[in-house]
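Visitor: Below you'll find the structure I mean.
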Amino acid sequence: MRADRLVSLVLLLRQRGRLSAATLARELEVSTRTVLRDIEALSAAGVPVHSERGRHGGFALLPGFRTELTGLNHDEALALLIAGSRRGAQAFGLGSALASAMLKVVDALPPGYRDTAAGVAERLLVDPETDLLARPLTADEVPDDVLAAIRGAVFAGRKLRIRYAPEGRAAAWRTVDPIGLVTVRDKGYLLAARDGADRTYRLSRVRAAEELPEPAQRPERVDLDRVWQERSARFRSGGDQVAVAVRITPRRREELVGTALAVLAEDVEPDGRLRLEAAFQDARHAEWAVWQLATDAEALTPEWLRTALRDRAAALAARYASPS
């Protein structure tokens, strides 16, 4: 709808400043001719859009221009209410801000939409605190002051000093150039660069953080999803990867595949069980993955994995060999 597109155009100019017709067309998924017609329509309606010529020219709003754009329809408001997952916001210390924002969204709706959107949202639950068996879905806990300092540096584009404790090692101070924040399954990560090299830090392992006055050395714009995928691929391809052959009950296949880095080979045996060769990050990862499947899986190779699982099972059996 054209009205929605005009609102989107104004929002783009408000949020990102001067933009070329080609950029606006790409963002709005229309032709540049359509963008030019929309610019004319906005100007005729009194919206102060002006053009700037030259190599770096484009369209911009006059400085200081503000307008209330509360044209949310029912589905858009509902999407905001349910997609604003409190668990994602909590990972970055923004839980209270999210609650406040959701109240403002509801308050800005026309009366007819307000009641129905809020009522429908009550019937949709995203990421509850426990699963169906009442097992808690634990999230990383990070002190509010640490999260505030990290957020501030990320948003302001300033260098960040963090006291970080890698797994199994003592905490130490380091200065980084923050790029962005990512949350995955209630785990928060800081994507950064240190001395020009890519670094990814688990937020729960940051013991202290200090925003510095110096500007961070980082690109002006970032495709955080692409950066995350690239770092994930490098992580999965690095380390001391191991290949494991496993005989497994078909109904447990997805559990194994879900935790493995890759399935290298797969066959069906005469008795109906599956024989998989899968890659894991390291020996500990492989042992943990097969152990979770209990008697529904059997490690065939390498021999050290069979030994590790046998020793673990023997220790467990010894623990329960006599009455408590």
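Throughout, read-outs are computed from the coordinates displayed, never taken from laboratory work. Computed from a predicted structure; not experimentally measured. For neighbour counting, all protein chains shown are included, and Cβ atoms are generated from backbone atoms with ideal geometry for every residue, glycine included.
Visitor: From the residues Ala233, Val222, Leu256, which one has its Cα farthest along the dipole of region 172-261 in the positive direction, the dipole being from +1 and -1 charges on Cβ of Lys/Arg and Asp/Glu about the Cα centre?
Guide: Result: Leu256.
Visitor: Starting from region 146-217, pick out the trypsin sites (Lys or Arg not before Pro) whose DSSP state is loop and whose Cβ has at most 11 other Cβ atoms within 10 Å.
Guide: On the way: sites: Arg151, Arg158, Lys159, Arg161, Arg163, Arg169, Arg174, Arg185, Lys187, Arg194, Arg199, Arg202, Arg205, Arg207; in loops: Arg169, Arg185.
Filter output for region 146-217: Arg169, Arg185.
Visitor: Please compute the alpha carbon radius of gyration of region 222-324, then divide it by the globular-protein estimate 2.2 N^0.38 Å. Two decimals is fine.
Guide: Values: Rg = 16.3 Å, N = 103, 2.2 N^0.38 = 12.8 Å.
Taking N as the residue count of region 222-324, the ratio is 1.28.
Visitor: Provide the gained length on full extension for the span Ala197 to Val257, in nm with one decimal, where the gain is 0.36 nm per separating residue minus the Cα-Cα distance. Working shown, then result.
Guide: Numbers: separation 60, 0.36 × 60 = 21.60 nm, distance 3.14 nm.
So the extension gain works out to 18.5 nm.
Visitor: Another question, then. On a full-extension model of 0.36 nm per residue, what is the gain between Glu141 and Ala172, subtracting their alpha-carbon distance, rounded to one decimal in nm? Intermediate results must be reported in sequence, preceding the final value.
Guide: Values: separation 31, 0.36 × 31 = 11.16 nm, distance 1.94 nm.
Length gained between Glu141 and Ala172: 9.2 nm.
Visitor: In which sequence would Leu274, Leu256 go, from the one with the fewest C-beta neighbours within 10 Å to the one with the most?
Guide: Values: Leu274 17, Leu256 23.
Sorted ascending by nearby Cβ count, the order is Leu274, Leu256.
Visitor: Continuing with this model, one more query. Which order results if Val257, Val222, Val176, Val49 are arranged by neighbouring Cβ count within 10 Å, fewest first? Working shown, then result.
Guide: On the way: Val257 15, Val222 12, Val176 23, Val49 19.
With the sparsest Cβ surroundings first, the list reads Val222, Val257, Val49, Val176.
Visitor: Provide Rg and Dmax in Å for region 2-61, with only Cα atoms included in the calculation.
Guide: 10.3, 30
Visitor: With r as the distance between the Cβ atoms of Ala265 and Arg231 and R0 = 25 Å, compute the FRET efficiency 1/(1 + (r/R0)^6) and round to 0.05. It would help to have the intermediate numbers written out before the result.
Guide: Numbers: r = 27 Å, r/R0 = 1.10.
Working from the Cβ atoms, E equals 0.35.
Visitor: Distance in nm between label sites at Glu303 and Arg37, each 7 Å beyond Cα in the beta-carbon direction?
Guide: 7.6
Visitor: Going by C-beta contacts inside 10 Å, put Tyr320, Tyr201 in order with the fewest on the left.
Guide: On the way: Tyr320 8, Tyr201 21.
Ascending number of Cβ neighbours within 10 Å: Tyr320, Tyr201.
Visitor: Once label points are set 7 Å from the Cα along Cα→Cβ at both Asp282 and Arg185, what is their separation, rounded to one decimal in nm?
Guide: 1.8
Visitor: For region 144-236, max minus min Cα coordinate along each principal axis, in Å, sorted largest first?
Guide: Here the spans come out as 33, 28, 25 Å, largest first.
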